């Protein structure tokens, strides 16, 4: 496989997906755990996890384990890859696009839920699937 000549290629590839943009827009207002994003996106845990991995490898997201939880947030400490101009453009899009605004609003409501409630429900669901 040929290596990209421009450092922006992996970033732009990571952003060239509707689900990953939805994740990014949801995280503009604060960190979220995978279980919260599963609730927001209405996708299975493995699919959301795969999208998060792609965004993290591209330098867009970071995660920090906090006890049982592993919240994801936007990586604002990676200017060579992330770039202030691109970030500002995506923020403007998320503020003006009706679907992005709806996702941000729902993400805010999910974030306000009792911490860990969704994660606990997801653990039960995953355990039941493997039983």
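Worth a mention:
- Here the condition is being in a helix (DSSP H, G or I), at pLDDT below 90 and within 23 Å of residue 40 (Cα to Cα); of 111, 92, it holds for 111 alone.
- Residue in segment 13-32 that is at pLDDT 90 or above, over 22 Å from residue 109 (Cβ atoms) and assigned to a loop (DSSP other than H, G, I, E, B) present: yes
- Residue count, segment 9-40 (criterion: surrounded by fewer than 18 Cβ atoms within 10 Å (Cβ to Cβ) and under 15 Å from residue 94 (Cβ atoms)): 6
- Residue 43 vs. criteria in a loop (DSSP other than H, G, I, E, B), without any contact (Cβ under 8 Å) to a residue 40 or more places away in the chain and either surrounded by 12 or more Cβ atoms within 10 Å (Cβ to Cβ) or out of contact with any helix residue (DSSP H, G or I) (no Cβ under 8 Å at 6 or more places or on another chain) (or both): yes
- Residue within segment 56-65 that is part of a helix (DSSP H, G or I) and surrounded by 15 or more Cβ atoms within 10 Å (Cβ to Cβ) present: yes
The values are calculated or read from the model by the stated rules, or taken from the named source; none is laboratory data. The shown structure was predicted, so the numbers you read here are calculated from the model rather than taken from an experiment. Here Cβ is always computed from backbone atoms with ideal geometry, including for glycine, and neighbour counts include all displayed protein chains.
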